[in-house]
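One structure is given below, encoded as structure tokens.
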Amino acid sequence: MRSVVKFGGSSVADIEKMRTIARYLLNRSISGEELVVVVSAMGKTTNALLSMAREAVQNPSKREMDMMLSTGEQVSIALLTMILEAEGQEAVSLTGYQAGILTEGLHTRNKIKDIDTGVIEKHLSQGKVVVVAGFQGYNREGEITTLGRGGSDTTAVALAAKLSCPCEIYTDVDGIYGVDPRIYPKARRLASITYEEMKEMAFLGAKVMEPRSVDIAHHYGVRLYVGSSSEGKPGTVIQEGEDSVEERSITGVSVLENIMMVTIHPLKNVSENTAKIFSKLAKEEINVDMISQSPLPDGSVSVSFTASAEEEPVVRTLLTELLSSMDGVELSIRADILKLSVVGSGMRTQSGVAARLFELFSENAITFLQVTTSEISISYTLEKKYKDQAVQLIADAFHL
């Protein structure tokens, strides 16, 4: 049997934790498994490197950032391999380049184009545990690249797809919960969740898995398992949906807090002016999320959208300049909001979810500013002060 096993930064935060992981891997290897191990940088190494770069220069080169950030994972793979060898297990460490991980795109935000698994296959055939640096690869110019947020998860799942085997993600949580236990202590761990639900929850704010990695798993049919590296509790399986999923209308609740809501009104010549606004945002690579439009009595409209709060200075400058040529148009930006989303494949076949949510908000005087839907989710923008109350009401009502 062959498996890709990934350990996050908290799981390899120090040498003692690495020794524990090495013993775990040794036991699996002795039983006959072929193992490809993907590891992140130790603990908060990546954050420390980022801080160092920003201290050195105000605007560091993206190419040099990739060169520097890739060193964090290289330290991890070398140390873990040394420990495995000291335990009597043949092992080899490989950087993204040595593992054949070809990428494309912008520095610090590359995407995996392809993987040549020849070197990995050779080492596996020799009985070695192969330890691969997550988060990194190389481009066609031969330069070191990194994959951005959640890059080690993406590395692991992409390797599993190419090697036609399951992928296990070990982190500091014992699986995926329908609700963040820090907000709702009675939250239940999910034994399983569908690819679609996990992707939706990840895009809408759940931070356990990176959306790209789930998308790759879904596309190639990679069975994913998420569990704790330190606790013996069972984790969560992410796989194709089964009929039994219809027994629950809602699988989980996600909360995304670091957002802002931008409102522009009164907007006339609606199609032309709306096109100008969103074209300008697109050119600046501003990712726009929830969009709503409300008619005003004079025939104009009020247009609102959400985006990352980190983009506030850019958005404010850009729109202030653009709207200066539109007489009487006002711009307002609110940062006191969050996006709350309920997700569940069961919504395809079970009616009444939206009605129940609206009832809960009405009965408890919770006002929402926007609402959008997809086939398996309903999202609201709310004032941040309602977060805990809204999550707990929904979790109780839908037995999450």
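The values are calculated or read from the model by the stated rules, or taken from the named source; none is laboratory data. Model, not experiment: these values are computed from the prediction. Cβ atoms come from the backbone with ideal geometry, glycine included; neighbour counts cover every protein chain shown.
Among the residues of the stretch 45-63, is any among the hydrophobic types (A, V, I, L, M, F, W, C) and either on the phi > 0 side of the Ramachandran plot or touching a residue at least 40 places away in the same chain (Cβ under 8 Å) (or both)?
No, the conditions are met nowhere in the stretch 45-63.
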How many residues does the stretch 18-40 contain that are surrounded by 18 or more Cβ atoms within 10 Å (Cβ to Cβ) and farther than 19 Å from Cys167 by Cα?
1
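Yes/no matrix, rows are residues, columns are (1) surrounded by 18 or more Cβ atoms within 10 Å (Cβ to Cβ); (2) within 27 Å of Ala161 (Cβ to Cβ); (3) modelled with pLDDT under 95:
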position: Leu49; (1), (2), (3): no, no, yes
position: Ser61; (1), (2), (3): no, no, yes
position: Ala78; (1), (2), (3): no, yes, no
position: Thr81; (1), (2), (3): yes, yes, no
position: Val92; (1), (2), (3): yes, yes, no
position: Gly105; (1), (2), (3): no, yes, yes
Can you name every residue in the stretch 279-294 that is more than 25 Å from the chain's Cα centre (by Cα) and farther than 20 Å from Thr373 by Cα?
Ser279, Lys280
Against the definition (under 20 Å from Ala158 (Cα atoms) and modelled with pLDDT under 95), how does His123 come out, yes or no?
no
Taking first residues from the stretch 143-160 that are farther than 17 Å from Ile77 by Cβ and modelled with pLDDT under 95 and second residues anywhere that are assigned to a loop (DSSP other than H, G, I, E, B) and among the aliphatic types (A, V, I, L, M), the pairs with Cβ under 9 Å that are 6 or more apart or on different chains are Gly150/Met209
Pull up the stretch 98-115, narrow it to residues that are part of a loop (DSSP other than H, G, I, E, B) and touching a Gly at 6+ places or on another chain (Cβ under 7 Å), then point me to the one that is farthest from Gln126 (Cα to Cα).
Thr108
Which residue pairs have Cβ atoms under 6 Å apart, sit 6 or more places apart or on different chains, and have a first residue in the stretch 167-188 that is under 16 Å from Asp388 (Cβ atoms) and at pLDDT 85 or above and a second that is crowded, with 18+ Cβ neighbours inside 10 Å and aromatic (Phe, Trp, Tyr)?
Ala187/Tyr177
Condition first: without any contact (Cβ under 8 Å) to a residue 60 or more places away in the chain and touching a Gly at 6+ places or on another chain (Cβ under 7 Å). Can you find one or more residues in the stretch 65-87 that meet it?
no
